[in-house]
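Below is one structure, written out as structure tokens, with a few remarks after it.
The values are calculated or read from the model by the stated rules, or taken from the named source; none is laboratory data. These figures come from a predicted structure and were not determined experimentally. Note that each Cβ is placed from the backbone with ideal geometry, even for glycine, and that neighbours are counted across all protein chains shown. Surface accessibility is based on the protein's heavy atoms, side chains included, excluding ligands, DNA and RNA. Shrake-Rupley method; radii C 1.70, N 1.55, O 1.52, S 1.80 Å.
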Amino acid sequence: MESIRVFAPASVANVSCGFDILGFALNTPGDEIILNQNDSGEVKIVDITGDDGQLPKDPEKNSASAVIINILKHLKLPLGIDIRLHKKMPLGSGLGSSAASSVAAAYAVNELLGNPLDSMEVLEFAMYGEKIACGSDHADNVAPALFGGFVLIRSYNPLDVIKLPAPEELYASVIHPRIEIKTKDARDILKKQIQLKNAIKQWGNVGGLISGLYTSDYELIGRSMVDHIIEPIRSILIPGYDAVKAAALDSGVLGCGISGSGPSVFALSRGSRVAREAAQKMKEEFKKIGIESDIYVSKVNNQGPIVLEQA
Ligand code: HSE
């Protein structure tokens with residue numbers, strides 16, 4: 001194969017109670033990458049669109065190219081590859097933008113080479129891309145972007161990733177207020193220690209959420225979507241957060257929280273009607289304080305990356 005075009009999806013990490021250990025993939029938005037083999041023996045970024053010139057073009061510093069360079073080194077293949085990256089979602093949005101690019105890159109190059117890596121190896125290389133982008137190699141965006149669906153990272157060392165079922169009628173509403181929060185900054189403000197009483201509530205909710213996903217118990221999913229540890233700190237970074245969350249809950253969603261490291265806010269609903277209405281209400285709340293926003297309503301994406309073209 002000489003060339004390949006791959007889509008990888010956005011994702012919602014943490015899902016309220018599962019900081020760094022839970023995430024799910026969305027159908028839309030997502031990033032596209034096009035790889036073409038070249039004769040120069042170098043990995044080059046030929047074009048990036050949709051990033052307003054913000055992403056580095058140095059192949060060692062850009063997460064997509066760095067992932068590809070690392071994979072080629074690991075496989076001892078001195079190949080040249082031209083990379084075109086089309087960002088179709090905002091950066092610093094809490095939608096797993098760097099994860100989508102890293103997963104698209106790792107998945108695409110593995111396909112291009114005839115799948116020499118197994119899926120856990122692809123995941124580990126994509127995590128390296130996340131580390132390049134934000135200084136931390138958490139997997140709660142990359143794993144759902146790669147495997148689709150809801151994913152639990154049971155352990156990081158050794159890496160133990162468990163795909164969870166998503167109930168059929170579960171819909172996500174995600175609203176992205178047009179402000180940027182860098183994941184690194186949103187991680188740096190977190191406390192390094194938490195109180196036992198909060199940990200007890202949090203792991204109760206993680207268990208409840210996972211149980212709800214397995215049994216399609218929508219009410220249980222909703223009442224487990226409570227974050228006693230991260231949300232109280234990070235919500236301060238999102239103007240109007242409390243009003244936006246209240247608007248979603250008033251619309252009848254199951255639960256609502258910060259998507260990843262923010263500023264996007266997500267809600268889960270039973271059925272698409274509530275999900276669409278809640279997204280609209282959340283948008284109105286941001287508008288009241290002068291913040292424009294974009295909304296995405298999606299079922300849980302069970303597929304992960306898609307090969308769009310190959311030649
Ligand atoms: N779990 C990560 C965080 C996701 O909340 O910092 C953001 O990439």
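Inspect all residues belonging to the range 241-253 and state whether any of them is surrounded by 23 or more Cβ atoms within 10 Å (Cβ to Cβ), in a loop (DSSP other than H, G, I, E, B) and touching a residue at least 12 places away in the same chain (Cβ under 8 Å).
Yes, the range 241-253 contains at least one residue that is surrounded by 23 or more Cβ atoms within 10 Å (Cβ to Cβ), in a loop (DSSP other than H, G, I, E, B) and touching a residue at least 12 places away in the same chain (Cβ under 8 Å).
Restricting to the range 60-96, name every residue that is outside any loop (DSSP other than H, G, I, E, B) and open to solvent by 20 Å² or more (accessible area, probe 1.4 Å).
Correct list: Ile69, Asn70, Lys73, His74, Asp82, Arg84, His86.
Looking at Glu219, Glu180, Glu168, can you tell me which residue is closer than 17 Å to Gly96 by Cβ and open to solvent by 50 Å² or more (accessible area, probe 1.4 Å)?
Within the list Glu219, Glu180, Glu168, the selection yields Glu180.
Any residue in the range 288-301 that's assigned to a loop (DSSP other than H, G, I, E, B): show its pairings with residues that are open to solvent by less than 60 Å² (accessible area, probe 1.4 Å) and of a type outside the set (A, V, I, L, M, F, W, C) at Cβ separation under 6 Å, as long as the two are six or more apart or on different chains.
Close Cβ pairs (under 6 Å, with a partner that is open to solvent by less than 60 Å² (accessible area, probe 1.4 Å) and of a type outside the set (A, V, I, L, M, F, W, C)) amount to Ile289/Pro239; Ile289/Gly240; Ile291/Pro177; Asn301/Pro9; Asn301/Gly148.
Inspect all residues belonging to the range 227-240 and state whether any of them is within 23 Å of Gly149 (Cβ to Cβ), within 16 Å of the ligand (Cβ to nearest atom) and not charged (D, E, K, R).
Within the range 227-240, one or more residues are within 23 Å of Gly149 (Cβ to Cβ), within 16 Å of the ligand (Cβ to nearest atom) and not charged (D, E, K, R).
Please work out if Lys131 is farther than 30 Å from Ile210 by Cα, open to solvent by 10 Å² or more (accessible area, probe 1.4 Å) and not hydrophobic (A, V, I, L, M, F, W, C).
no
Please indicate, with yes or no, whether at least one residue in the range 214-232 is among the aliphatic types (A, V, I, L, M), outside any loop (DSSP other than H, G, I, E, B) and in contact with a strand residue (DSSP E or B) (Cβ under 7 Å, 6 or more places away or on another chain).
yes
Anything in the range 135-155 that is in contact (Cβ under 8 Å) with a residue 60 or more places away in the chain, within 14 Å of the ligand (Cβ to nearest atom) and either surrounded by fewer than 17 Cβ atoms within 10 Å (Cβ to Cβ) or not aliphatic (A, V, I, L, M) (or both)? List them, or say none.
Within the range 135-155, His138, Asp140, Asn141, Pro144 meet the criteria.
Has the range 103-114 got at least one residue that is closer than 19 Å to Ile21 by Cβ and either more than 14 Å from the ligand (Cβ to nearest atom) or not in a helix (DSSP H, G or I) (or both)?
Looking through the range 103-114, none of the residues is closer than 19 Å to Ile21 by Cβ and either more than 14 Å from the ligand (Cβ to nearest atom) or not in a helix (DSSP H, G or I) (or both).
Has the range 98-107 got at least one residue that is open to solvent by 10 Å² or more (accessible area, probe 1.4 Å) and closer than 30 Å to Tyr296 by Cα?
Among the residues of the range 98-107, at least one is open to solvent by 10 Å² or more (accessible area, probe 1.4 Å) and closer than 30 Å to Tyr296 by Cα, which makes the answer yes.
Can you name every residue in the range 289-311 that is under 18 Å from the mean Cα position of the chain (by Cα) and on the phi > 0 side of the Ramachandran plot?
Gly304
Suppose we filter Val15, Val6 for residues that are within 16 Å of the ligand (Cβ to nearest atom) and hydrophobic (A, V, I, L, M, F, W, C); which single one remains? Show your work before the answer.
Values: Val6 fails: within 16 Å of the ligand (Cβ to nearest atom).
After ruling out the rest, the residue left standing is Val15.
Taking the options Pro158, Pro165, name whichever one is touching a Leu at 6+ places or on another chain (Cβ under 6 Å) and free of Cβ contacts under 8 Å to residues at least 60 places away in the same chain. Step through it out loud before you land on a result.
Details: Pro158 fails: touching a Leu at 6+ places or on another chain (Cβ under 6 Å).
Only one candidate qualifies: Pro165.
Would you check if Ile162 is within 20 Å of Asn141 (Cα to Cα) and either open to solvent by less than 50 Å² (accessible area, probe 1.4 Å) or touching a strand residue (DSSP E or B) at 6+ places or on another chain (Cβ under 6 Å) (or both)? Step through it out loud before you land on a result.
Details: within 20 Å of Asn141 (Cα to Cα): yes; either open to solvent by less than 50 Å² (accessible area, probe 1.4 Å) or touching a strand residue (DSSP E or B) at 6+ places or on another chain (Cβ under 6 Å) (or both): yes.
Yes.
Out of the range 251-297, which residues are within 16 Å of the ligand (Cβ to nearest atom) and farther than 21 Å from Asn205 by Cβ?
Correct list: Pro263 only.
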